[in-house]
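Data first, discussion second: the structure below is written as structure tokens.
Just so it is clear, none of the values below were taken in a lab; they were calculated from the coordinates. Model, not experiment: these values are computed from the prediction.
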Amino acid sequence: MESKRTIFLLHRIASAADMEEIKTRSLTSMDEINKHLVFTTEDSEKENKTPSSDAEDKQLVTWKLKVTPVDYILGVADLIGELMQLCINSVGNGDIDTPFELSQFLHQVYNGFTFIGNTRP
């Protein structure tokens, strides 16, 4: 269930630049994703405040979310399903170039998955 939450967060971070990464056959690294999951907010202590100390009590609080390797791999697997849907929609809209571009990318992802856990020559 944690991977679904991670996928949701990654979808919220996604932008038009992400589609360009897919078209150039590259994935965003786990480290790069983790860099985007750092949030800073102001935190003010609400207890024992006096009007003169309001500005002094505010502190910056940093929240860091971390994508684990398992969540990253599950996210890539979910991405493949999303790309399959994109291919179907593209063909339905008369765009037959996108599925062929994505198929090359998907072959590279498949080749990457075949190396996971494969320790024999």
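Once the chain from K35 to W63 is taken as fully extended at 0.36 nm per residue, the excess over their C-alpha distance is 8.9 nm.
Each residue of segment 84-98 was assigned a 3J(HN,Hα) from its phi angle through the Karplus expression (A = 6.51, B = -1.76, C = 1.60, θ = phi - 60°), giving 4, 5, 4, 4, 4, 5, 5, 5, x, 8, x, 9, 9, 6, 4 Hz with x at Gly and Pro. Backbone phi angles across segment 37-42, fed through the Karplus curve with coefficients 6.51, -1.76 and 1.60 (θ = phi - 60°), yield HN-Hα couplings of 9, 10, 10, 10, 10, 8 Hz in residue order; Gly and Pro are listed as x.
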